[in-house]
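Below: the structure, in structure tokens.
The values are calculated or read from the model by the stated rules, or taken from the named source; none is laboratory data. This is a predicted model, so every value here is computed, not measured. Note that each Cβ is placed from the backbone with ideal geometry, even for glycine, and that neighbours are counted across all protein chains shown.
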């Protein structure tokens, strides 16, 4: 039986290459931008997970629950509970935000301390591990892209889109992906090269 082992970083690299291909071949259309958004956000989740997972025990148990060890083969039972066992895109953006910015999901933060203090504490811890903080301006553009992605996936009605703004905001998504790359990864250079190709495709 032929098998192939794909690391989270390798999976993210493949997604970024898919993003670049979509933008280069069809970036002037909604189809290309839609595909670019999908693969870009997929890579964000993978890279964030890769940065935090080795340090998951630095967090309280309720946070560690979002970073449980997955089986190394596709598992139907795990797929059924996926939504509740991993961080959402909005939660990832919240954790990466500068400490003083308003929380995107106050209800996410658990514990005996007030939610604002808990949010600041977790953001500082994530920043100390990843070296990444998302500014207010960058977060605004990323939230716009997240809203576009959600609307395209979830809305059953006509959708009005500003394609020029989407293309402009995609630069911020590429910036975030680049910040999430660890220099210690073997795939770091390949990831950065693929992101450069995404910039050129825009």
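Is it true that some residue in segment 1-17 is under 15 Å from the mean Cα position of the chain (by Cα), part of a helix (DSSP H, G or I), within 26 Å of residue 95 (Cβ to Cβ) and free of Cβ contacts under 8 Å to residues at least 24 places away in the same chain?
Yes - at least one qualifying residue is present in segment 1-17.
Identify the residue in segment 171-186 that is crowded, with 19+ Cβ neighbours inside 10 Å and part of a loop (DSSP other than H, G, I, E, B) and, among all such residues, is nearest to the chain's Cα centre (by Cα).
Only one residue fits best here, namely 181.
Just need a number here: residues in segment 18-41 that are under 17 Å from residue 197 (Cβ atoms) and part of a helix (DSSP H, G or I).
Result for segment 18-41: 16.
Could you please give the count of residues in segment 150-170 that are in a helix (DSSP H, G or I), free of Cβ contacts under 8 Å to residues at least 60 places away in the same chain and over 14 Å from residue 39 (Cα atoms)?
6
Restricting attention to segment 100-126, which residues are in a helix (DSSP H, G or I), over 24 Å from residue 39 (Cα atoms) and in contact (Cβ under 8 Å) with a residue 24 or more places away in the chain?
Residues satisfying the conditions are 119, 122, 123, 124, 125.
Mind checking which residues of segment 54-67 are touching a helix residue (DSSP H, G or I) at 6+ places or on another chain (Cβ under 6 Å) and touching a residue at least 40 places away in the same chain (Cβ under 8 Å)?
55
Answer yes if at least one residue in segment 133-149 is over 16 Å from the mean Cα position of the chain (by Cα), without any contact (Cβ under 8 Å) to a residue 40 or more places away in the chain and outside any loop (DSSP other than H, G, I, E, B), and no otherwise. Working first, answer last.
We begin by selecting, within segment 133-149, every residue over 16 Å from the mean Cα position of the chain (by Cα); these are 136-137.
This time we only want the ones that are without any contact (Cβ under 8 Å) to a residue 40 or more places away in the chain, so: 136-137.
Okay, now just the ones that are also outside any loop (DSSP other than H, G, I, E, B), so 136-137.
Taking every residue of segment 133-149 in turn, at least one turns out to be over 16 Å from the mean Cα position of the chain (by Cα), without any contact (Cβ under 8 Å) to a residue 40 or more places away in the chain and outside any loop (DSSP other than H, G, I, E, B).
Would you call residue 59 within 23 Å of residue 191 (Cα to Cα), more than 12 Å from the chain's Cα centre (by Cα), surrounded by 13 or more Cβ atoms within 10 Å (Cβ to Cβ) and modelled with pLDDT under 95? Give the steps one after another, and end with the answer.
Numbers: within 23 Å of residue 191 (Cα to Cα): no; more than 12 Å from the chain's Cα centre (by Cα): yes; surrounded by 13 or more Cβ atoms within 10 Å (Cβ to Cβ): yes; modelled with pLDDT under 95: yes.
Considered against the rule, which asks whether it is within 23 Å of residue 191 (Cα to Cα), more than 12 Å from the chain's Cα centre (by Cα), surrounded by 13 or more Cβ atoms within 10 Å (Cβ to Cβ) and modelled with pLDDT under 95, residue 59 comes out as no.
Quick one: is residue 82 at pLDDT below 95, within 17 Å of residue 48 (Cα to Cα) and exposed (fewer than 15 other Cβ atoms within 10 Å of the Cβ)?
Working: at pLDDT below 95: yes; within 17 Å of residue 48 (Cα to Cα): yes; exposed (fewer than 15 other Cβ atoms within 10 Å of the Cβ): yes.
Yes.
Might you check whether a residue that is buried (at least 18 other Cβ atoms within 10 Å of the Cβ) and at pLDDT below 90 occurs anywhere in segment 35-56?
The answer is no; no qualifying residue exists.
For residue 137, are the conditions met, namely being modelled with pLDDT of 95 or more and buried (at least 16 other Cβ atoms within 10 Å of the Cβ)? Steps first, answer last, please.
Values: modelled with pLDDT of 95 or more: yes; buried (at least 16 other Cβ atoms within 10 Å of the Cβ): no.
Spelling it out, it is not the case that residue 137 is modelled with pLDDT of 95 or more and buried (at least 16 other Cβ atoms within 10 Å of the Cβ).
Quick check on segment 109-131: of everything there that is within 17 Å of the chain's Cα centre (by Cα) and surrounded by fewer than 18 Cβ atoms within 10 Å (Cβ to Cβ), which residue is nearest to residue 56 (Cα to Cα)?
Out of the qualifying residues, it is 129.
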